[in-house]
Amino acid sequence: MAKNYLTKKWYEALVQELHELKNDKLPAVIERISEARAMWDLSENFDYKTAIEDRDLVESRIHEIQRLIDNVEIITEKKWSKGDSSVDYGSVVVLRMDDGKEYTVTVVGSWELKFEDDTIQVSLESALWQSLQWKKAGEKAIMKLDGTKHDVEIVAVK
């Protein structure tokens, strides 16, 4: 089974979420089920049906997190490089596209991808990671975007 690479911050967030799910959300949903069961005919009971669905979602997320953290390797520093400034897991990379625009991306594991904030993230499974890995500032990579190849210069690796 492949390791799940996570930063310490993300691992701690998952452990916290797991704690909340097990100790707060699941008991609350079970209480809702119990209360709804006592109301009336279960076949016509919308509260009961939604509580059951909520319980299933909470239990599913608990199992998902548990599987993830059971096979985790926490990355606290660059995993594969030898302390040099090459692009690696956890790197923050400043890229200059062939049109002159610069973007800052962070290399993360697929489990850490988040889409709700303004950061651009590159997962270890992405094509961009394949073109950036182990390169250093000043080097170029080729990125495919919408079927078109673009030259990308690595401006900085943090």
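The values are calculated or read from the model by the stated rules, or taken from the named source; none is laboratory data. Values in this document were obtained by computation on a predicted structure and should not be read as measured data. Positions of Cβ are backbone-derived with ideal geometry, glycine not excepted, and every protein chain shown enters the neighbour counts.
For region 80-111, what are the residues that are modelled with pLDDT under 70 and assigned by TED's automatic domain parsing to the domain that holds Thr148? Spell out how you get there, then give the answer.
Restricting attention to region 80-111, the residues satisfying the condition of being modelled with pLDDT under 70 are 80-84, 111.
Residue satisfying the conditions is Trp111 alone.
Quick check on my filter: what residues within region 117-158 are touching a residue at least 24 places away in the same chain (Cβ under 8 Å) and assigned to a loop (DSSP other than H, G, I, E, B)?
Result: Leu124, Gln133, Trp134, Lys135, Lys136, Ala137, Lys158.
Among (1) over 24 Å from Glu125 (Cα atoms); (2) at pLDDT 90 or above; (3) surrounded by 11 or more Cβ atoms within 10 Å (Cβ to Cβ), which single condition is Glu12 missing?
(1)
Would you mind finding the one in Leu68, Leu18 that is surrounded by 13 or more Cβ atoms within 10 Å (Cβ to Cβ), at pLDDT 95 or above and closer than 19 Å to Ser110 by Cα?
Leu18
Search region 37-57 for residues being in a helix (DSSP H, G or I) and over 35 Å from the mean Cα position of the chain (by Cα), and hand back the single one that is modelled with the highest pLDDT.
Arg37
Which residue is surrounded by the fewest Cβ atoms within 10 Å (Cβ to Cβ), if the candidates are limited to region 85-108 and must be among the hydroxyl-bearing types (Ser, Thr, Tyr) and closer than 22 Å to Tyr5 by Cβ?
Once the filter is applied, the top-ranked residue is Thr104.
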